[in-house]
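Read through the structure below, which is laid out as structure tokens, and then see the notes.
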Amino acid sequence: MNIERFEDDELLSAALATRVLESIVARPTLVLGLPTGRTPLGLYRELRERSGGNLIDWSQVRTFNLDEFAGLDPASPNRYRAFMQAELFDHVSIDPANIGFLNGSAPDLKTECRRYEDAIDQAGGIDLQILGIGANGHIGFNEPADGLCSHTHVAELETESREANAQWFGGDWRNVPERALSMGMATILNARKIILIATGAEKADAVHGMIEGLISTRLPASILQVHPRVTVMVDRGASQRLSG
Ligand code: PGA
């Protein structure tokens, strides 16, 4: 794993946005895997600001988001799709047809998961996958467990993950859906290149375990150690338990 340290979230986000925009310029048909959550807010702000006025042509870029809540009303503002529209998609020249997203209100969620895997395959696979990490070491909604799912699947959320999302659900974790659809570990590991971002001291233990610990399904992000092209971008807080 290639580790890049930044003084704060702002510098990290700016550097990552530069890398994403350079990737789009070098490959206008880039297939981009995207996360939601607090950590990528700075990245999306930078991408919005620096893509404006058609500065960057997103028209052939394809995106696939990591996960989506199951069972929310299609009009719910808490869907990750709504988050992505507000934070990024509504502000850049992406073709809506090129936005890949899991539909958490699909009548048959297993069929929906298979559709998503096929769509990623048909796009030629993900070139660059951006990831956050949960304080419990999850990536996407691949939660710590004795076993992990390889492909896109219906996931039961840990209470800790529901608490981490509570701010978008009136502050009460019990309002956060119990299930979500998520890319699996193989879906993520199949990406040609992965950049994981982590900010804040509450991620320090998970970051330490992911990089310096043994590979374990109890810390799903540690499985990224087997991928040949992973960069981890951390701020001062998230890197405080790393040696060296
Ligand atoms: P966060 O979530 O960015 O809101 O901390 C990260 C994650 O759970 O993957």
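Largest first, the extents of the alpha carbon coordinates of region 137-244 on the three principal axes equal 41, 31, 23 Å. Spin-label model, E202/E163: points 7 Å from Cα along the beta carbon direction are separated by 0.9 nm. Placing +1 on the Cβ of every Lys and Arg and -1 on the Cβ of every Asp and Glu, with nothing else charged, gives region 97-244 a dipole about its Cα centre of roughly 360 debye. Over all pairs of different C-alpha atoms, region 2-235 has a mean inverse distance whose reciprocal, the Kirkwood radius, equals 17.8 Å. Given H placed on each backbone N at 1.01 Å, which residues far from G100 in sequence or on other chains put an amide H within less than 5 Å of it? The answer is T63, F64, N65. The calculated FRET efficiency for S150 paired with D57, based on their beta-carbon distance and R0 = 22 Å, is about 0.05. Among 134-143, 19-28, 214-223, sorting by the average number of other beta carbon atoms lying within 10 angstrom of each residue, highest first, gives 134-143, 214-223, 19-28. For region 1-52 versus region 195-244, the spacing of their alpha-carbon centroids is 18 Å.
Laboratory data are not the source of any read-out in this text; all were calculated from the coordinates shown. Quantities reported herein were computed from a predicted structural model and do not represent experimental measurements. Because the Cβ atoms are built from the backbone with ideal geometry, glycine has one as well, and the counts that use them run over all protein chains shown.
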